[in-house]
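S.K.: Got a structure for you, questions after.
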Amino acid sequence: MTRLAPALATALAPMLAPGFAALMLGAAPALADEVWTSNLGPVMWETDQGETAVLRLDVAGTGALVRMFVPGLAADMMGGRGAYTGVWIASDADAECVVEMVDPVSARKSRYWGTFTITFVNEGFPSDWAGVYGNCLETPAAPIQAHAQVGGQ
């Protein structure tokens, strides 16, 4: 048995190493390209879908997750930022919409969604931004502002 154990370990190592590496990488916290502190909670740049940036807002004190889909922002990542209009989808919110929308990141349906407009203060990275959002098809009117976090501040 003592001879079999090292031989078995040697034979299984190439098959187990990728899974172990994936497990270890999955356990590490994700590092966002950009992070902001907003009046609603922390916001991070979660991912891109083509030229659309996906910002993730964790609403303070509620546990609700909001994804903001910002068309064109991923194309302007290195500068030239301005104003953007997009759609947000949440796990929970104050108002329930009549129809559901599918979150393309999680593939889950939600009755909590709406539109927003945000404007970056500076064209370059990092930059604060401010704007308005609304529920469902309502005209965006509720304020949101976010301050860029630099160097863990």
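The values are calculated or read from the model by the stated rules, or taken from the named source; none is laboratory data. No experiment lies behind these values; they were computed from the predicted model shown. So basically every Cβ, Gly included, is an ideal-geometry build from the backbone, and we count neighbours across all protein chains shown.
S.K.: Taking the options VAL99, VAL54, name whichever one is of a type in the set (Val, Ile, Thr) and either modelled with pLDDT under 90 or out of contact with any Pro (no Cβ under 9 Å at 6 or more places or on another chain) (or both).
M.R.: VAL99
S.K.: Sort out which residues of the range 89-111 are crowded, with 16+ Cβ neighbours inside 10 Å and outside any loop (DSSP other than H, G, I, E, B), and write them in order of number.
M.R.: ILE89, ALA90, MET101, SER110
S.K.: Another question about this same structure. Being outside any strand (DSSP E or B) and at pLDDT 95 or above is the filter here, so list the residues in the range 122-140 that pass it. Talk me through it step by step, then tell me what you get.
M.R.: Initially, the range 122-140 is screened for residues outside any strand (DSSP E or B), giving 122-128, 136-140.
Scanning the range 122-140 gives ASP128, CYS136, LEU137, GLU138, THR139, PRO140.
S.K.: Can you tell me which residue is farthest from the chain's Cα centre (by Cα) among those in the range 65-83 that are in contact (Cβ under 8 Å) with a residue 40 or more places away in the chain and surrounded by 17 or more Cβ atoms within 10 Å (Cβ to Cβ)?
M.R.: ARG81
S.K.: Anything in the range 68-83 that is touching a strand residue (DSSP E or B) at 6+ places or on another chain (Cβ under 8 Å), on the phi < 0 side of the Ramachandran plot and assigned to a loop (DSSP other than H, G, I, E, B)? List them, or say none.
M.R.: Matches in the range 68-83: LEU73, MET77, ARG81, GLY82.
S.K.: Considering each of GLY86, GLY114, GLY63 in turn, give the residue that is in a strand (DSSP E or B) and farther than 18 Å from ALA146 by Cα.
M.R.: Matching residue, one of GLY86, GLY114, GLY63: GLY114.
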